[in-house]
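Scroll down for the structure; my scribbles are underneath it.
The values are calculated or read from the model by the stated rules, or taken from the named source; none is laboratory data. Quantities reported herein were computed from a predicted structural model and do not represent experimental measurements. Here the Cβ positions follow ideal geometry from the backbone for every residue, glycine too, while neighbour counts run over all protein chains shown.
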Amino acid sequence: MSTESKLKSLFDFQRFEQESKLQGVIDEVNSSYSSGNRLDDDALELVAGGAGAVNTDTDNAMFREFYCEKCRTIRKFKMLSGGRAICTQPGCGNMIDGK
Amino acid sequence: MDIEQVYREYHDKVLAYIRNRISNPEDAEDLCADVFLKVQQRFSEYDREKAAVSTWIYTITRNAVIDHYRVSRVSEELPEEIASDEEIDAGLLQRETLSELADALMKLSEEERNVIVLHYYNGLSLREVEARTGLSYGKVKLRHNSAIDKLKKFFSDDAAIGGGNIVSINRYR
């Protein structure tokens, strides 16, 4: 078995066993991304599916244009909770402070 | 441990695991009942020398979930973590190994640990990990690869981890 397969198997087994020490590590990682550090589901869908996943033309209130450091050009960003914004360019996913 | 004790001790774990994998609550309840029917039917065949009770019941449960997806052809995709047909080392699936994995994860850098947990436990793609963590995609891949290298040593250093008797998880179907 590869290391990747072993990890997948062990983490799946963990879902059953709920071993306390490993669960503590998992909870700590997830809590790091549970509020301000975490993207909402729409943003994850946006990154996974690209700009085509969202109709940027009909919902302009949720989008603003900013300079994207990763794309090195002006791009349309989706506004997220907490004033953050994410680049809608497929495969980019650059997050900035959109305030 | 008799069958009634097994039911009392493992019912909640089995149901929680199935509910985590199958969204329809009625299907989950039905599958949980099926699992305990199989456990009851095969209890006399269970060999404690080969696997702990917990591992045995987990493998029956996991295979029941896989069969549910295959037989009912539900629209949801089978979770990648359990989709592989690769044989699983029963020696690997022990509670102690989970504790040791926790220790190994704590020896990684914070970024490496985050990438491993988000990718392998939460099931996010590396692209989704990028979005979740704010790290660049290149960094996510670097952290993933360096963490895998370190964990490879963890798995190979400990003869007890992954070095036990290979027992196909399919035999508990």
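Could you please find all residues in region B:5-32 being surrounded by fewer than 13 Cβ atoms within 10 Å (Cβ to Cβ) and either in contact with a Ser or Thr (Cβ under 6 Å, 6 or more places away or on another chain) or farther than 23 Å from A:Glu19 by Cα (or both)? Selection gives B:Ser23, B:Pro25, B:Glu26. Taking every residue in region A:71-84 that is under 12 Å from A:Ile96 (Cα atoms) and modelled with pLDDT of 70 or more and pairing it with any residue that is surrounded by 13 or more Cβ atoms within 10 Å (Cβ to Cβ) and among the acidic types (Asp, Glu), at least 6 positions away or on another chain, the pairs with Cβ-Cβ distances below 9 Å are A:Lys78/A:Asp42; A:Leu80/A:Asp40; A:Leu80/A:Asp42. Which members of region B:101-115 meet the condition of being more than 7 Å from every other protein chain (Cβ to nearest Cβ) and surrounded by 18 or more Cβ atoms within 10 Å (Cβ to Cβ)? B:Ala104, B:Leu108, B:Glu112, B:Val115 - these are the residues of region B:101-115 that are more than 7 Å from every other protein chain (Cβ to nearest Cβ) and surrounded by 18 or more Cβ atoms within 10 Å (Cβ to Cβ).
For region A:43-51, state whether one or more residues are assigned to a loop (DSSP other than H, G, I, E, B), at pLDDT below 50 and surrounded by 14 or more Cβ atoms within 10 Å (Cβ to Cβ). Yes, region A:43-51 contains a residue that is assigned to a loop (DSSP other than H, G, I, E, B), at pLDDT below 50 and surrounded by 14 or more Cβ atoms within 10 Å (Cβ to Cβ).
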